[in-house]
Amino acid sequence: MSYADNVFKEMCRDILENGTSTEGEKVRPHWEDGTLAYTIKRFGIVNRYDLRKEFPALTLRRTALKSAFDEILWIWQKKSNNIHDLHSHIWDSWADEDGSIGKAYGYQLGVKHRYKEGWMDQVDRVLYDLKNNPYSRRIMTNIYVHQDLYEMNLYPCAYSMTFNVTRDPGKERLTLNGILNQRSNDVLAANNWNVAQYALLLMMIAQVCDMEAGELLHVIADAHIYDRHVPVIRELIQREAYPAPKVWLNPEIKDFYEFTVEDLHVENYVTGPQIKNIPIAI
């Protein structure tokens with residue numbers, strides 16, 4: 001099985017066996033029929049993936065890697081908060097009549113801030129520092145901006161990315177590592193989606209900064225399985241798993257803003273059957 005499959009199975013078993021339930025408590029999420037959506041949750045999950053060994057794609061079921069890549073480009077490259085700039089419909093429930101999700105996600109990454117080097121947004125600041133001061137311990141982004149929360153249609157779940165550069169013994173190129181901080185994670189619907197997205201982001205940034213993508217740490221404050229997802233998860237983690245696919249980016253791209261979905265290549269991605277019509281709590 002892929003390493004990501006093993007991590008996913010162990011995490012799900014840990015949540016089911018050692019997690020705590022929110023049933024009967026006051027909760028915000030609900031199902032489309034109005035019923036409150038309870039969870040079994042585990043506090044403080046930390047998963048570690050080494051992109052030098054394999055790409056962390058789940059094979060128990062298929063993760064739509066092209067769509068995941070499209071969304072990360074929507075947030076980090078286009079810095080958009082409008083679903084009309086996105087090819088999938090996963091954000092439709094949180095968009096207004098004009099397609100906006102408010103001052104959330106890509107909007108925050110596109111806001112320019114003043115630095116001693118001049119005005120830059122958060123993404124450009126990351127790229128600047130990695131190219132000019134790679135050993136800085138201050139290379140990070142944060143989109144959980146309290147002053148704008150009231151204008152966000154959904155508070156950011158994956159809210160912070162910290163980048164850290166190392167030099168592996170015997171290697172000429174530097175290694176780019178990253179920590180994804182997430183306040184909340186719907187394990188069935190979004191866990192591997194987020195892992196794959198930020199692995200691809202790390203790969204993109206490493207490539208344009210002439211580095212090698214290294215480790216991705218995924219830190220989750222509240223990792224949860226919704227009540228209606230429990231039987232699905234139990235079936236999923238009993239499935240046969242397969243080796244990780246080969247995932248690579250067009251090596252000709254040297255500018256972060258030139259990547260397109262077509263620059264993502266996936267080979268030998270063998271998976272179990274897709275789970276259709278997963279209910280999503282809103």
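The values are calculated or read from the model by the stated rules, or taken from the named source; none is laboratory data. On a predicted model such as this, the values are computed, not experimentally measured, just so you know. Counting neighbours? That spans all protein chains shown, and the Cβs are built from the backbone with ideal geometry, glycine included. When the accessible area is computed, the model is the full protein with side chains, heavy atoms only, and any ligands, DNA or RNA have been set aside. Shrake-Rupley method; radii C 1.70, N 1.55, O 1.52, S 1.80 Å.
Results, tabulated for the structure shown:
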{"quantity": "Residue list for region 251-273, filter: in a loop (DSSP other than H, G, I, E, B) and either free of Cβ contacts under 8 Å to residues at least 40 places away in the same chain or farther than 17 Å from Lys79 by Cβ (or both)", "calculated": "Pro251, Glu252, Ile253, Lys254, Asn268, Tyr269, Val270, Thr271, Gly272, Pro273"}
{"quantity": "Test: Arg125 is outside any strand (DSSP E or B), open to solvent by 50 Å² or more (accessible area, probe 1.4 Å), farther than 29 Å from Ser93 by Cβ and not acidic (Asp, Glu)", "calculated": "no"}
{"quantity": "Given (1) part of a loop (DSSP other than H, G, I, E, B); (2) touching a residue at least 60 places away in the same chain (Cβ under 8 Å); (3) open to solvent by 30 Å² or more (accessible area, probe 1.4 Å), index of the condition Gly44 fails", "calculated": "(1)"}
{"quantity": "Matching residues, region 204-233, being open to solvent by 20 Å² or more (accessible area, probe 1.4 Å), in a helix (DSSP H, G or I) and closer than 15 Å to Val165 by Cβ", "calculated": "Gln207"}
{"quantity": "Test: residue in region 23-44 that is closer than 15 Å to Asn192 by Cβ and either more than 20 Å from the chain's Cα centre (by Cα) or not aliphatic (A, V, I, L, M) (or both)", "calculated": "no"}
{"quantity": "Among (1) open to solvent by less than 20 Å² (accessible area, probe 1.4 Å); (2) out of contact with any Asp or Glu (no Cβ under 6 Å at 6 or more places or on another chain), the one test that Lys53 misses", "calculated": "(1)"}
{"quantity": "Residue match in region 151-171 (condition: closer than 24 Å to Ala223 by Cα, open to solvent by 60 Å² or more (accessible area, probe 1.4 Å) and β-branched (Val, Ile, Thr))", "calculated": "no"}
{"quantity": "Test for Ile90: is it of a type in the set (A, V, I, L, M, F, W, C), out of contact with any His (no Cβ under 7 Å at 6 or more places or on another chain), free of Cβ contacts under 8 Å to residues at least 40 places away in the same chain and in a helix (DSSP H, G or I)", "calculated": "no"}
{"quantity": "Scope region 56-108; condition open to solvent by 40 Å² or more (accessible area, probe 1.4 Å), in contact with a strand residue (DSSP E or B) (Cβ under 7 Å, 6 or more places away or on another chain) and under 18 Å from Tyr198 (Cα atoms); matching residues", "calculated": "Lys66"}
{"quantity": "Checking Ile179 against (1) open to solvent by 20 Å² or more (accessible area, probe 1.4 Å); (2) in contact with a Lys or Arg (Cβ under 9 Å, 6 or more places away or on another chain); (3) of a type outside the set (Lys, Arg); (4) part of a strand (DSSP E or B), the condition it does not meet", "calculated": "(2)"}
